[in-house]
There are 2 protein chains.
Amino acid sequence: MLTDRQLFILQAIIDDFIRSAQPVGSRSLSKKEDITFSSATIRNEMADLEELGFLEKTHTSSGRIPSEKGYRYYVDHLLSPHQLKIKDVELLKSIFAEKIYELEKIVQKSAKILSELTSYTTIVLGPGVQENKLRRLQIVPLNKETAIAIIVTDTGHVENKMFSIPPSLDVNEIEKMVNILNERLQGVPLMELSDKIYREVAVLLSRHIKSYDKLVQNLAHTLDVPGHEKLFFGGKTNMLQQPEFNDLDKIKTLLSMIDQEQDMYKLLSKNPAGIHVKIGRENKISAMENCSLITASYSIGKEQVGTIAILGPTRMQYSRVISLLDLLSHDLTSALTRLYQKA
Amino acid sequence: MLTDRQLFILQAIIDDFIRSAQPVGSRSLSKKEDITFSSATIRNEMADLEELGFLEKTHTSSGRIPSEKGYRYYVDHLLSPHQLKIKDVELLKSIFAEKIYELEKIVQKSAKILSELTSYTTIVLGPGVQENKLRRLQIVPLNKETAIAIIVTDTGHVENKMFSIPPSLDVNEIEKMVNILNERLQGVPLMELSDKIYREVAVLLSRHIKSYDKLVQNLAHTLDVPGHEKLFFGGKTNMLQQPEFNDLDKIKTLLSMIDQEQDMYKLLSKNPAGIHVKIGRENKISAMENCSLITASYSIGKEQVGTIAILGPTRMQYSRVISLLDLLSHDLTSALTRLYQKA
DNA sequence: CTTAGCACTCAATAAGATAGAGTGCTAACA
DNA sequence: TGTTAGCACTCTATCTTATTGAGTGCTAAG
C-alpha cells in the first residue's frame, strides 16, 4: 500500500507532467510551495514509486514521467474533481442554444465545440438506426426503371435508397403495395424489416400485386442495409498541437488510424453506460500507444444510443475532460430525450 | 523565345525533379543517355533559364528546381501525354463495377480510389441541389409538435428536415396541404421553392387550411435551406507522405486548411468546364503555396454539376494526374447521365 | 527517518572539421 | 561563335568533440 506522502508525490508529479509535458525532477518538485520535505526525500520516494511501476524515466538520469499504471492509479484514485470554467460551460450550453431539430447537426456541433474546448480530438458515434422503429415507408418513382424508397423512423431519422422496379409495374400497384407495407410494418425495428416482409407480408402482397416477387426482392434488399452507425469527428488535426506528437512518424500512424474508421468503431462500439477511461495500451491498438480515450454514453430516454469520446495523449487533462464529457453527455441525453420522446 | 535545347533541358529538369524531389545539377543531368552536350553547356543554359524565371536555386551552389513560372510553362507547353497503366484504368473503372444508385457513394468511392492511385488528396464537390427540381414533397408527422418534411428531387436526391407544426392542426389538413403543394410545386427548382410558396400557393392554401399562416411560415423556412454543395475527401493525410511536407509547420497549415472547408469551397466552386491546373500561389491561398490543384468538372447530360480535384505538391505528376482526372470525369459524367437522364 | 553533499549520467546545444555536390567563370578548342 | 575542360569557390549535410545543466543514486551525518 502507498503511504500518504507517496500518494501526494505521485499526484504532484502527474499533475505537473500533464501541465508541462516535461519529466519532473526531484529538485523542481521540492521547490513547490506545498512541499515541506527535501529533494533527497523526494528522490527516495520516487525510486520507490518507480519500483512499484507507477513512474518511469526517459533515460537513466532524467526526471520521472508517469507510467500507464501511474495514470491508471491517478485516474482511479487521485483525480480531484474539476471545477469547470464559466466560459467552458457557456460554450457547451451554446450547442443547444438554437432550436435544432436534426440530430446530426447537434452531434456535429458537439464534436466541434468539444474539440475546441479541449484541443484534443472528439469522436462521436451517432445513434444506430437498426433499432429504430419504422414510422413510415414511402416510395417515389423517378422514372420507369428506378424509384426511391424512403424510410422514416420513430426518431425522425430518414433513410433513402434507390432501387430498380420491374418495368411492367403500374404506378397504382406501387401505391397499393406501399399502403399494405405501411399498415403491416409500422413499429417494426429496421433490422427486422426485410425478414418480416418475406415472412408475413409477401403472401399478402402476392394476392394484390401482379409481378410482386421481383419487386419485393428488390425492395427488401434495399431496406436491408441501413448500414452502420455514423461517426462524427471534431478537431482531427488537434493532436498535431500536442508536444508528444512532434514526431512525423507518430503523427502519420495516429492520423491514418483516425481515418481508418473501422478501428474507431471498435474503440467506441462496445460501451457500457457511464464514463470510461482507457489509457494507452489498454486500447489494444498499437497506434493508440501514447493516447488515452475517454468515452461517455448518451441516451434517448432510458435507451443508450451513442457514444461521445475524446482522444488525447496519455498526458491528458483527465479531470477536466471527464467533467466536460459528463456535462455534455447529460445535456445531450436530456435534449434528445425531450426532442424524441414526446412521440 | 526559348531555343529547342532550352526547352529540352527545362523539361528534363522538371521531369527529374518531379521524380526525385531533389534539386537537379548539371553534372547528373549530363549523365543521362539522351543528352549529348556537356555539363558546362547545361550550366550555361541553366543560368539563362534561371534569368528568365523558369528555374530557381535553393541556395547559391545548389542544383536547380522549377519555379512556379517553370511549372506553368511545363504544364502549358511541355507536357507529354501520359499513357495510363492498365492497372490504373482498371481501378478507375472498378468505381462503376457494381450497380450503384447513390450519387454520394459513387462520388465517395471516386475520391477514395483517386487518392489511392495518386498518393495525393482528392476533393470532390458534389452536385448542388439548389438547381434540382422538386419531384415530390412529403410530410410525415412525428408527434403533435413536430413533423418531417421530405423533398425528393428529379435527380433522386432526398433532403429532409424537421419542423414544428402548430398543435391545433389536424392531420387531414396536413395531407390536404401536401397535396396542394405537390400539385403546384412539381418541377420547381429548390432554390425558388419558398418564394413560390409565398407568392402563389399561400393564397390558395389560406382558403383550405385553418391555421395555415404559421404552418406555411415554418414549412417555407424549412424548405429554404438545402444548404451548400457537399465536399467529399479522399486521402486527406496522403500529403504526409510527400517529402516536401516533412516539416511539421507546413503539415499543420496544410491539414488545417483542408479541414477549413470554406477555403476548399472557394477553390472548387468557380469552375469552368474542362481540366484546369492551378500552381502554387495561383490559388491565392497562402497555405497552398507549395501545392497545385488540378480540377475537372463533371456533368449530368449537358449540365455541369460538380468538380473533382486533386491536391498535390507543386512537384506533382501533372501529366498522369491530368490523364486520370480526364478519364474519371468522363466516366463519371456518362455514368451519372445514364443514371439520371432517363427520367 | 531525513537531508546535505558528491560523483556520475545523459540529453541538448554549440562549435569545428570534413566531404560532396554543385556553381560560375575563364581559357582553350573546333 | 558556340562548346567544353578545368578550377576556385560556396553551401549543405554530417560527423566529432566539448560544454552545460538538469537530474539521479548513494553515502554519511544529523
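Quick notes on this one:
- Taking 19 Å as the limit for the C-alpha separation, the pairs A:K112/A:K230; B:K69/B:K252; B:K109/B:K133; B:K87/B:K109; A:K99/B:K176 exceed it in the case of B:K69/B:K252; B:K109/B:K133; A:K99/B:K176.
- Other-chain or far-sequence residues with amide H under 5 Å of A:Y298's (modelled H): A:V305, A:G306, A:T307, A:I308
- Helical runs (DSSP H, four residues minimum) scored at -39500 (n - 2.57) apiece and divided by the length of chain A put the mean residue ellipticity at 222 nm at -13000 deg cm²/dmol.
- Cβ crowding within 10 Å averaged over residues, with B:159-169, A:24-34 ranked highest first: B:159-169, A:24-34
- Evaluating 6.51 cos²θ - 1.76 cosθ + 1.60 at θ = phi - 60° for every residue in segment A:278-292, the Karplus couplings come out as 10, 10, x, 5, 4, 7, 6, 10, 4, 5, 8, 3, 9, 10, 10 Hz, glycine and proline recorded as x.
- Among A:L142, A:L223, A:L91: highest mean-square fluctuation, GNM of chain A, C-alpha pairs under 10 Å: A:L142
- Pseudo-label separations to other copies for B:H59 - Cα-to-Cβ vector, 7 Å, nm: 2.7
- Charge dipole (the protein assembly as shown, unit charges on Cβ, about Cα centre) - positive-most of A:V107, B:S30, A:M162: A:M162
- A:Q304-A:K69 pseudo-label distance in nm [points 7 Å out on the Cα-to-Cβ vector]: 2.9
- In sequence order, calculated HN-Hα J values of segment B:166-182 (Karplus, 6.51, -1.76, 1.60; Hz; x Gly/Pro): x, x, 6, 5, 8, 4, 4, 4, 4, 4, 4, 4, 4, 4, 4, 4, 4
- Remark: the B:Y265-B:R338 segment gains 23.5 nm on full extension, using 0.36 nm per residue and subtracting the alpha carbon distance.
- Using a cutoff of 8 angstrom between alpha carbon atoms and counting only pairs six or more residues apart, the relative contact order for chain B works out to 18 percent.
- For segment B:1-53: relative contact order, % (alpha-carbon pairs under 8 angstrom, 6 or more apart): 33
- Length-normalised contact order for segment A:21-147 - Cα pairs under 8 Å, 6+ apart - percent: 13
- Note on A:I35 and A:K85: with the Förster distance fixed at 22 Å, the Cβ-Cβ geometry gives a FRET efficiency of about 0.25.
- Nitroxide proxy distance, nm - points 7 Å out along Cα→Cβ at A:Y198 and A:S62: 5.9
- Amide H contacts for B:L142 (H built 1.01 Å from N in the peptide plane; partners 5 or more residues away or on another chain; cut-off under 5 Å): B:A147, B:I148.
- For the pair segment B:152-221 and segment A:290-343, the centres of their Cα atoms are 37 angstrom apart.
- Spatial offset of segment B:60-106 relative to segment A:1-49 amounts to 57 Å, using the alpha carbon center of each.
- Calculated label separations, B:D48, copies of the chain, 7 Å along the beta-carbon direction, nm: 8.2
- Ascending distances from the A:K270 label point to its copies in the other chains, with the point 7 Å along the Cα-to-beta-carbon line: 5.4 nm.
- Charge-dipole axis of segment B:222-303 as Lys and Arg at +1 and Asp and Glu at -1 on Cβ define it, positive-most pick from B:N238, B:N290, B:M257: B:N290
- Taking 0.36 nm per residue of separation and subtracting the current Cα-Cα distance, fully stretching the chain between A:E289 and A:K144 would add 46.7 nm.
- The C-alpha radius of gyration of the protein assembly as shown, expressed as a fraction of 2.2 N^0.38 Å, stands at 1.16.
- Pairwise burial B:A, computed as accessible area of each alone minus the pair, summed, 1.4 Å, Å²: 3400
- Inter-label distance, A:S28 to B:M191: 5.8 nm, where each label sits 7 Å from its Cα along the C-beta direction.
- Evaluating 6.51 cos²θ - 1.76 cosθ + 1.60 at θ = phi - 60° for every residue in segment B:111-117, the Karplus couplings come out as 4, 5, 5, 4, 6, 5, 5 Hz, glycine and proline recorded as x.
- The alpha-carbon atoms of chain A define a convex hull whose volume equals 165 cubic angstrom per residue.
- Rg and Dmax of segment A:111-216, both derived from C-alpha coordinates alone, stand at 18.0, 61 Å.
- Extension gain from B:Q241 to B:E50, taking 0.36 nm per residue of separation minus the Cα-Cα distance: 65.8 nm
- Förster radius 60 Å - calculated FRET efficiency between A:F96 and B:D326, Cβ distance, rounded to 0.05: 0.80
The values are calculated or read from the model by the stated rules, or taken from the named source; none is laboratory data. Just so you know, these numbers come straight off a predicted model, no measurement behind them. Backbone-built Cβ (ideal geometry, glycine too); neighbour counts: all protein chains shown. Heads up: the accessible areas ignore ligands, DNA and RNA and are worked out on the full protein's heavy atoms, side chains in. Shrake-Rupley method; radii C 1.70, N 1.55, O 1.52, S 1.80 Å.
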